[in-house]
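In what follows, a single structure is set out as structure tokens and then discussed.
What follows draws every value from the coordinates through simple rules; no lab data is involved. None of these values were measured; they are calculated from a predicted model. Every residue, glycine as well, gets a Cβ built from its backbone with ideal geometry; the counts of neighbours run over all protein chains shown.
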Amino acid sequence: MARYIGPKSKIARKFGEPIFGPDRVFEKKNYPPGMHGNNKRRKKMSEYGVQLKEKQKAKYTYGVLEKQFRNMFKRAQRSKGVTGVELLQLLESRLDNVVFRLGIAPTRSAARQLVGHRHITIDGRVMNIPSYIVKPGELISVREKSKSLEVITESMASGRHRLYSWLEWDNVSLTGKFMNKPEREEIPENIKEQLIVELYSK
């Protein structure tokens, strides 16, 4: 399974946001990487550059590679809703993201690993495809033999699953329910989806 495994702090500094979660390096160096990173007279970015940067930010935030991202955009285009919002809803519906949002894993990359190692089930079936699009009403559970895993117990203690209105969580059975696709205003990521639509529309 291909994925980005490079330096995350450097990417977060590039976008000026801690897109991978709390980061002490980013907090110390909140400016772009490179020898001219702290130079306040940096050249103004072109319109294309701004659009490309927004697409790259969305890709890194959700841990999606270029081909996957383009395919999701095409799928969003074919839907009846607003393309940019549909794209974000598809990204939010990915199984690895839902596992992360439910608080089962501390990060999206950890969630991807849990799914890939067969620790997660959908409606009682083991699902090891992180890109699986969860449908409203489906139940996401931790396998019985995996409930004592340290990464899961520590993440569950954070209580992050209580923050999202489109998800339900049962702390006893370690089972979550994907109630519905989130509305745009409910998605907390700072992504300007219209710039991505404009980029792909060129």
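Around residue 129, under 12 Å between beta carbons, what's the net of Lys plus Arg minus Asp minus Glu among the other residues?
Values: positive: 94, 112, 118, 125; negative: 96.
Around residue 129, the charge tally is +3.
At R0 = 45 Å, how high is the FRET efficiency between residue 179 and residue 46 if r is their beta carbon distance? Nearest 0.05 is fine.
Working: r = 41 Å, r/R0 = 0.91.
Once the sixth-power term is evaluated, E becomes 0.65.
Once you place label points 7 Å from the Cα toward the Cβ at residue 200 and residue 157, how far apart are they in nm?
Here the answer is 4.1 nm between the modelled labels.
I'd like to compare 66-73, 109-116: which one has the highest average count of other Cβ atoms within 10 Å, and what's the full order after that?
Numbers: 66-73: 15.5, 109-116: 21.5.
Highest-to-lowest ranking by the protection proxy: 109-116, 66-73.
Of 67/135; 57/135; 67/192; 53/80; 44/135; 57/145, which sit over 32 Å apart, Cα to Cα?
Numbers: 67/135 22 Å; 57/135 25 Å; 67/192 20 Å; 53/80 27 Å; 44/135 42 Å; 57/145 36 Å.
Listed pairs above 32 Å: 44/135; 57/145.
Report the one residue of 111, 166, 131 whose Cα lies farthest in the direction of the positive end of the charge dipole of segment 93-184 (charges on C-beta: Lys and Arg +1, Asp and Glu -1; origin at the Cα centre).
131
Can you tell me the FRET efficiency between residue 82 and residue 123 if r is taken as the Cβ-Cβ distance and R0 is 25 Å, rounded to the nearest 0.05? Write out the running numbers ahead of the final one.
Numbers: r = 29 Å, r/R0 = 1.17.
In this case the efficiency is close to 0.30.
Once you have the Cα-Cα distance between residue 190 and residue 147, take 0.36 nm times their residue separation minus that, and quote the gain in nm to one decimal. The partial results should precede the final answer.
Numbers: separation 43, 0.36 × 43 = 15.48 nm, distance 3.22 nm.
Using 0.36 nm per residue and subtracting the Cα-Cα distance, I get 12.3 nm.
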